[in-house]
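Participant: Pasting in a structure now, in structure tokens, and then I'll have a few things to ask.
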Amino acid sequence: MAESSFPLACEYDARAPLTPAQLESLNQMHARCADILAIRDHRQQNSDDCYLLKWLRARDYNVDAAELMLRNHFAWRAEFGTDKILDEGLPIDVLSRFYPNTYHGRCKDGSLLYVERTGWIDVKSLERFSSTDQIVRWHVWMQETQKAKFAEATKREGRPIEKVTSICDMTGMTMGKMNKALYAILKSLSSIDQDNYPEQLNKLFVVNAPGIINVVWNVVKPWLNPVTKSKIDIIGGSGRDKLLAFIDADQLPDFLGGACKCSGGCLPWYGEKDGSGSFLGKYLEADVPAKKFQDFPIRIEEPNSKVNWEFISRGSNINFGVTFTPDAGAAVNVEALKSVNSAQDIIKGEFVAPSIGTVTVRFDNSDSWFKSKSVQYKLDLTAPEPSAEALAAAVEAVSVEDDHHHDA
């Protein structure tokens, strides 16, 4: 067996379940791909056997086809700049706001658990704020992040963890979201995954699937190989019993029938308030009914505290305003209430409160007769930086106290 790059993974014999013919294919891959094994990314902490077997299984143990796939993968990584993508950070932050997804613990078999609320994908905003190239780069960043999580899980479990179980919640999916642009994006991402990230899918559950998903499935199926298709389970309802057969209740989000209730919500942009009722420091969503407004008061306990806000609205603009009411005085406008271009741009701003009081952020939909509006927002409160005089006084106080201790 090839020597593992991570000692604990050596305990797992990847060759044990192989037939003689499969074992011969693996030996041939070792001989042919020694140059690649010398330069491959070992951060995933798996053995060379485990690594090569992924490519062999993807090509049904055809050594010629598997070697070609692997070499094409390395050529693609060099051209795309994949090895550096994690160092660059999230390629385009706005995508995570319109594509709600998260890694959420692990399954009973040790595989990672990935959850996305596919029906909540804001297709129009994705088209408006990003290009297909940016979406592809973001997807590759997610895949490389997943590989890093495999490495963490392998180290934790003491055995190779190289697969992910995915849940796509289709609640809210409509025909209007399934346009040609989305089909083209999905096809491009599917091609990248099959060519460059083989044998990573453990199981895919598509839950709360409306009838339109069967139409989509008939379009997507030709893009997938038979092994991948066998791992996909499309369920019209919640599929709670099937999910709990694979996933412990404390790892499964409550909106999927589990017992997990993460603080701020299992998917941050779409989470609820935590048990304390705080809305600060989280990405949240507010629905503002027609002819109504919603206020978010932020208590200021120290002068020069800073309040930051950022938000975007779905579909149409909303009225926005900020006021500051000092404890000893009348309210003043920080941002006069007016319609802002929040359906096209992410609106950001900040205010430094000069005294103790309350800053109130308002989303106002009072000029709409019938239509409610959804706002995705984040509010933050930052304590003031200590002044140079305060720091000097603190240092002097410590020095005086030290002198007293020495005297004692």
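The values are calculated or read from the model by the stated rules, or taken from the named source; none is laboratory data. Note that the coordinates shown come from a computational prediction; the quantities given were computed from them, not determined experimentally. A quick note on method: Cβ atoms are made from the backbone with ideal geometry, for glycine too, and the neighbour counts reach across all protein chains shown. Heavy atoms of the whole protein, side chains included, go into the accessibility calculation; ligands, DNA and RNA do not. Shrake-Rupley method; radii C 1.70, N 1.55, O 1.52, S 1.80 Å.
Participant: Considering only the range 229-240, I want to know if a residue exists there that is assigned to a helix (DSSP H, G or I), open to solvent by less than 70 Å² (accessible area, probe 1.4 Å) and out of contact with any Gly (no Cβ under 8 Å at 6 or more places or on another chain).
Facilitator: No, because not a single residue in the range 229-240 is assigned to a helix (DSSP H, G or I), open to solvent by less than 70 Å² (accessible area, probe 1.4 Å) and out of contact with any Gly (no Cβ under 8 Å at 6 or more places or on another chain).
Participant: Moving on. Hey, could you check the range 281-313 for residues that are touching a Pro at 6+ places or on another chain (Cβ under 6 Å) and hydroxyl-bearing (Ser, Thr, Tyr) and say which is most open to solvent (accessible area, probe 1.4 Å)?
Facilitator: Tyr283
Participant: Among Ser316, Ser342, Ser368, which is the only one that is buried (at least 19 other Cβ atoms within 10 Å of the Cβ), part of a loop (DSSP other than H, G, I, E, B) and in contact with a Ser or Thr (Cβ under 9 Å, 6 or more places away or on another chain)?
Facilitator: The unique qualifying residue is Ser342.
Participant: Another question, then. Quick check on the range 143-159: of everything there that is more than 21 Å from the chain's Cα centre (by Cα) and part of a helix (DSSP H, G or I), which residue is nearest to Ile247 (Cα to Cα)?
Facilitator: Among those residues, the one meeting the criterion is Glu157.
Participant: Could we say that Leu189 is touching a residue at least 40 places away in the same chain (Cβ under 8 Å), under 26 Å from Leu70 (Cβ atoms) and surrounded by fewer than 20 Cβ atoms within 10 Å (Cβ to Cβ) here? Even if it seems obvious, please write down each step before you answer.
Facilitator: Working: touching a residue at least 40 places away in the same chain (Cβ under 8 Å): yes; under 26 Å from Leu70 (Cβ atoms): yes; surrounded by fewer than 20 Cβ atoms within 10 Å (Cβ to Cβ): yes.
Judged against the criteria, Leu189 is a match.
Participant: Report yes if some residue within the range 93-104 is in a helix (DSSP H, G or I), at pLDDT 90 or above and among the aromatic types (Phe, Trp, Tyr); otherwise report no.
Facilitator: No: zero hits.
Participant: Same structure again: Do you know which residues across the range 326-339 are over 36 Å from the mean Cα position of the chain (by Cα) and either open to solvent by 70 Å² or more (accessible area, probe 1.4 Å) or touching a residue at least 40 places away in the same chain (Cβ under 8 Å) (or both)?
Facilitator: Listed by number, the residues that qualify are Asp327, Ala328, Ala330, Val332, Asn333.
Participant: On to the next question. Could you say whether any residue in the range 52-74 is in a helix (DSSP H, G or I), open to solvent by 80 Å² or more (accessible area, probe 1.4 Å) and under 19 Å from Val227 (Cα atoms)?
Facilitator: Yes, the range 52-74 contains a residue that is in a helix (DSSP H, G or I), open to solvent by 80 Å² or more (accessible area, probe 1.4 Å) and under 19 Å from Val227 (Cα atoms).
Participant: Out of Val216, Val207, I need the residue that is within 21 Å of the chain's Cα centre (by Cα) and open to solvent by less than 20 Å² (accessible area, probe 1.4 Å). Which one?
Facilitator: Sole residue among the options that is within 21 Å of the chain's Cα centre (by Cα) and open to solvent by less than 20 Å² (accessible area, probe 1.4 Å): Val207.
Participant: Also, I was wondering about something else. Taking the range 23-51, which residues are open to solvent by 60 Å² or more (accessible area, probe 1.4 Å) and of a type in the set (Lys, Arg)?
Facilitator: Arg32, Arg43
Participant: Taking the condition of being part of a strand (DSSP E or B) and touching a helix residue (DSSP H, G or I) at 6+ places or on another chain (Cβ under 8 Å), how many residues in the range 160-211 meet it?
Facilitator: 10
Participant: Still on this structure, I have one more. Could you tell me whether the range 122-134 includes any residue that is modelled with pLDDT under 80 and touching a Lys or Arg at 6+ places or on another chain (Cβ under 7 Å)?
Facilitator: Yes - at least one qualifying residue is present in the range 122-134.
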